[in-house]
1. Taking all protein chains as present, what is the carbon and sulfur share of the accessible area of the chain, in % to the nearest whole number, probe 1.4 Å?
2. Relative contact order for the chain: what percent, with Cα pairs under 8 Å and sequence separation of 6 or more?
3. Rank these by accessible area, largest first, 1.4 Å probe: R78, R104, R7.
4. With a 1.4 Å probe and all protein chains kept in place, how do F95, F72 rank by accessible area, largest first?
5. Per DSSP H run of at least 4 residues, take -39500 (n - 2.57); add these up for the chain, divide by its residues and hand me the 222 nm value, nearest 500 deg cm²/dmol.
6. Per residue, how much accessible surface does the chain expose to a 1.4 Å probe? Answer in Å², no decimals.
7. Run the dipole for the range 2-98 about the Cα centre, Lys and Arg Cβ at +1, Asp and Glu Cβ at -1, nothing else charged, and hand back the magnitude in debye, nearest 20.
8. Counting only protein chains, not ligands or nucleic acids, how are I37, I27 ordered by accessible area (probe 1.4 Å), most first?
Amino acid sequence: MCKVVYRHADGTETALDADEGQSLMNIAVQHGVPGIIGECGGELMCATCHVYVVSPETGGPATEEEDEMLEFAACPRRENSRLCCQLVVGPDVEFVVETPEAQR
Ligand code: FES
């Protein structure tokens, strides 16, 4: 069991336990976490799952496809921007991400 923390632009946060192998987008959508839409279901076609990764570091390198799709994110891209449909929970990892003010 792993922990994922979503910090929201209004200062609140949502902390959830997650099973290994789930994407942060799927976890958020299943639990109705505000600020994550995941419109394309994780197919790298929407950028409505944009987050800023606080830890662990950037969550790893983005693929070329993710990197291109990040250009379409509604809020400004930062060095730690990722599409959370591409971030998968691993064993004993605690993810902390910030959700942007808007997704579209
Ligand atoms: S859910 Fe569409 S790019 Fe992540």
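The values are calculated or read from the model by the stated rules, or taken from the named source; none is laboratory data. Given the structure is predicted, the values throughout are model-derived calculations rather than measurements. In this analysis, Cβ positions are derived from the backbone assuming ideal geometry, glycine residues included, and neighbour counts consider all displayed protein chains. The protein model used for the area step is the full one, side chains on, heavy atoms only, and it has no ligands, DNA or RNA in it. Shrake-Rupley method; radii C 1.70, N 1.55, O 1.52, S 1.80 Å.
1. Values: 2600 of 5650 Å².
Solvent-exposed carbon and sulfur of the chain make up 46 percent of the total.
2. Details: 226 pairs, mean separation 41.7, N = 104.
That works out to 40 percent.
3. Working: R78 120, R104 185, R7 95 Å².
Result of the area sort, largest leading: R104, R78, R7.
4. Working: F95 10, F72 145 Å².
Heavy-atom accessible area, descending, gives F72, F95.
5. Numbers: 2 runs with 13 residues, N = 104.
Here the helix-only value at 222 nm equals -3000 deg cm²/dmol.
6. Working: 5650 Å² over 104 residues.
Accessible surface, normalised per residue, equals 54 Å².
7. Working: 5 positive and 18 negative charges, 60 e Å.
That gives the range 2-98 a dipole magnitude of about 280 debye.
8. Details: I37 60, I27 0 Å².
Output order, biggest surface exposure first: I37, I27.
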